[in-house]
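As structure tokens, the structure follows; a few thoughts come after it.
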Amino acid sequence: MAQILVYLEHNNGQIKKTSLELLTAAKKSGLDFCAAALGKGAKELASTASAYGAKELLTSTADVFNTYNSEAYTQWFGQVIKAKKPQILLATANLTGKDLFPRVAGRVNGGVATDCTSLELSASSVKVRRPVYSAKASVEVEFQNCDVKIILMRPNALEIKNETSAASPATVSEVALEPIDLKTIVKDVVKGASSKVDLTEASIIVSGGRGMKGPENFKLLEDLASVLGASVGASRAVVDAGWVGHDMQVGQTGKTVSPNLYIACGISGAIQHLAGMSSSKVIVAINKDKDAPIFQKATYGIVGDALEILPLLTEEFKKLLH
Ligand SMILES: Cc1cc2nc3c(=O)[nH]c(=O)nc-3n(C[C@H](O)[C@H](O)[C@H](O)COP(=O)(O)OP(=O)(O)OC[C@H]3O[C@@H](n4cnc5c(N)ncnc54)[C@H](O)[C@@H]3O)c2cc1C
């Protein structure tokens, strides 16, 4: 059996960028690997998985998998791991991954390293690192006494190498869910108003804080975000004030994000905010106060009024990008 199992997430057959990051890492390791994908459209991922060198795509397209159900998904992965015995499982440290894989680990004597930001895989070793203490330090995690090493990678932590042609196509194997008495079923999914990529997976985020002065000025952030193809985030202060929804909150009690570019506008840089975004690759801060703590973390800083600077940035990026 393949040494690595890679969990691929998708939207109706459209593979997510974070899953391409995992496939790139699996291919780079030189180890044998197969992939798993569930729900409507999952089989369409076979060609992408093959292009990266996956030998097999394990799937079930039963209706119960069309929306995430922790009981059904846990049962299915438990079954697959017991049957196929991979030594390593790679998945994304998003809400689904963090909910699902600790449950799976409990069934298969797995060890879980979550929120990892670096990964080195080879035939002889598995090295993962993850941030601790609000990203002030990082630790290396070692697995001991477990049958499967479950590694959940933060989105955008790994590079993507695009692969388009397969040496040989992956076998698609349908694995039926053993009958279980589901205690909960998902009846309906109500999507939020935003059509943008979820913050945890976005590669560019434009975020606003109390310095934006009011909810009406979030339009300036949305304008810049739409030119950059970014998602819009916020500090807790503005979420608590009711300017935007909690799904946009970045930080200790909000979402942990690690985009390639994080633009913080009118955000002071409190430790609880930094806890959620300091692993961003490039941080740009716009703040009126030159001593704001955010500038200590920022790669580039602009001291000035965000309400004046944002429209100028949007215009410049429009010219550059279109
Ligand atoms: C247990 C706990 C959990 C928390 N969890 C979170 C969390 O998950 N996420 C989070 O964000 N916070 C969290 N907080 C709150 C956190 O401590 C801060 O209060 C919050 O992050 C401040 O938000 P802010 O930066 O928008 O506002 P402020 O701290 O008020 O900062 C506003 C900034 O805007 C600047 N400014 C003002 N006007 C302008 C302008 N026109 N142009 C440019 N800059 C301007 C100011 O100089 C200032 O630096 C938590 C707090 C606690 C106690």
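The values are calculated or read from the model by the stated rules, or taken from the named source; none is laboratory data. Every value quoted in this text rests on a predicted model; they were computed, and no experiment measured them. Every residue, glycine as well, gets a Cβ built from its backbone with ideal geometry; the counts of neighbours run over all protein chains shown. For accessibility, only protein heavy atoms count, side chains too; no ligands or nucleic acids. Shrake-Rupley method; radii C 1.70, N 1.55, O 1.52, S 1.80 Å.
What FRET efficiency would be calculated for the residue pair Ser47, Glu308, taking the C-beta separation as r and a Förster radius of 51 Å, to the nearest 0.05?
Working from the Cβ atoms, E equals 0.55.
Suppose R0 equals 41 Å; then what is the FRET efficiency for Cys146 and Asp188 from their Cβ-Cβ distance, rounded to the nearest 0.05?
The value I calculate is 0.65.
Length gained on full extension, Ser138 to Asp240, computed as 0.36 nm times the residue gap minus the Cα-Cα distance: 33.7 nm.
The residues of the chain expose on average 49 square angstrom of accessible surface per residue, using a 1.4 Å probe on protein heavy atoms. Among the trypsin sites (Lys or Arg not before Pro) within the range 157-211, those in coil by DSSP and having at most 10 neighbouring Cβ atoms inside 10 Å are Lys183, Lys187, Lys191. If the segment from Gln272 to Asn260 were pulled out straight at 0.36 nm per residue, it would be longer than the present Cα-Cα gap by 2.3 nm.
Rounded if a/c is under 1.5, else prolate if a/b is larger than b/c, else oblate: which is the chain, with a ≥ b ≥ c the root eigenvalues of its Cα gyration tensor? Prolate, since a/c reaches 1.5 and a/b exceeds b/c. DSSP assigns beta bridges within the chain; of those with both partners inside it, close to 20 percent run antiparallel. May I ask for the net charge around Ala234, where only other residues with Cβ less than 11 Å from the Cβ of Ala234 are counted and Lys, Arg are +1 while Asp, Glu are -1? The answer is +1. Residues whose amide H comes within less than 5 Å of that of Ile302, counting only those at least five positions distant or on another chain, are Ala285, Ile286, Asn287 (H built at 1.01 Å from N in the peptide plane).
Backbone geometry of the range 286-300 corresponds, through the Karplus equation with coefficients 6.51, -1.76 and 1.60 at θ = phi - 60°, to 3J(HN,Hα) couplings of 10, 8, 6, 9, 5, 9, 4, x, 4, 5, 6, 9, 6, 6, 10 Hz, x marking Gly and Pro. Computed from point charges on the beta carbon alone (+1 for Lys and Arg, -1 for Asp and Glu), the dipole magnitude for the chain about its Cα centre is near 420 Debye. Taking packing as the residue-averaged number of other Cβ atoms within 10 angstrom, the listed peptides 146-157, 171-182, 279-290 run from highest to lowest as 146-157, 279-290, 171-182. Between Asp289 and Leu320, what is the label-point separation in nm under the 7 Å Cα-to-beta-carbon projection? Inter-label distance under the simple model: 2.8 nm. This model, with +1 at the C-beta of Lys and Arg and -1 at the C-beta of Asp and Glu, gives the range 195-252 a dipole about its Cα centre of some 200 debye.
With a simple spin-label model that places each label point 7 Å from the Cα along the Cα-to-Cβ direction, the separation between Glu71 and Ser173 comes to 2.7 nm. Given a Förster distance of 30 Å, report the FRET efficiency between Gln252 and Asn162 from their Cβ-Cβ distance, rounded to the nearest 0.05. The formula returns an efficiency of 0.30 here. For the set Thr299, Thr92, solvent exposure ranked by accessible area (probe 1.4 Å, protein chains only) runs largest to smallest as Thr299, Thr92. Between Asn11 and Lys213, the modelled labels are 3.4 nm apart [label points 7 Å from Cα along Cα→Cβ]. Which percent of the accessible heavy-atom area of the range 199-321 goes to carbon and sulfur, probe 1.4 angstrom? C and S fraction of accessible area: 53 percent. Just the protein heavy atoms count here, and of the accessible area of the range 67-189 at 1.4 Å, carbon and sulfur take up 48 percent. In sequence order, the range 44-60 has phi-based couplings of 5, 7, 4, 5, 5, 4, 4, 4, 8, x, 5, 7, 8, 10, 8, 8, 9 Hz under the Karplus curve 6.51 cos²θ - 1.76 cosθ + 1.60, θ = phi - 60°, and Gly or Pro positions carry x. Positive end of the charge dipole of the range 4-174 (Lys, Arg +1 and Asp, Glu -1 on Cβ, about the Cα centre): tell me which of Ala51, Ala137, Ser125 has its Cα farthest that way. The one lying farthest along the dipole's positive direction is Ala137.
About its Cα centre, the range 199-321 has a charge dipole of approximately 220 debye under the convention of +1 per Lys or Arg Cβ and -1 per Asp or Glu Cβ, with nothing else charged.
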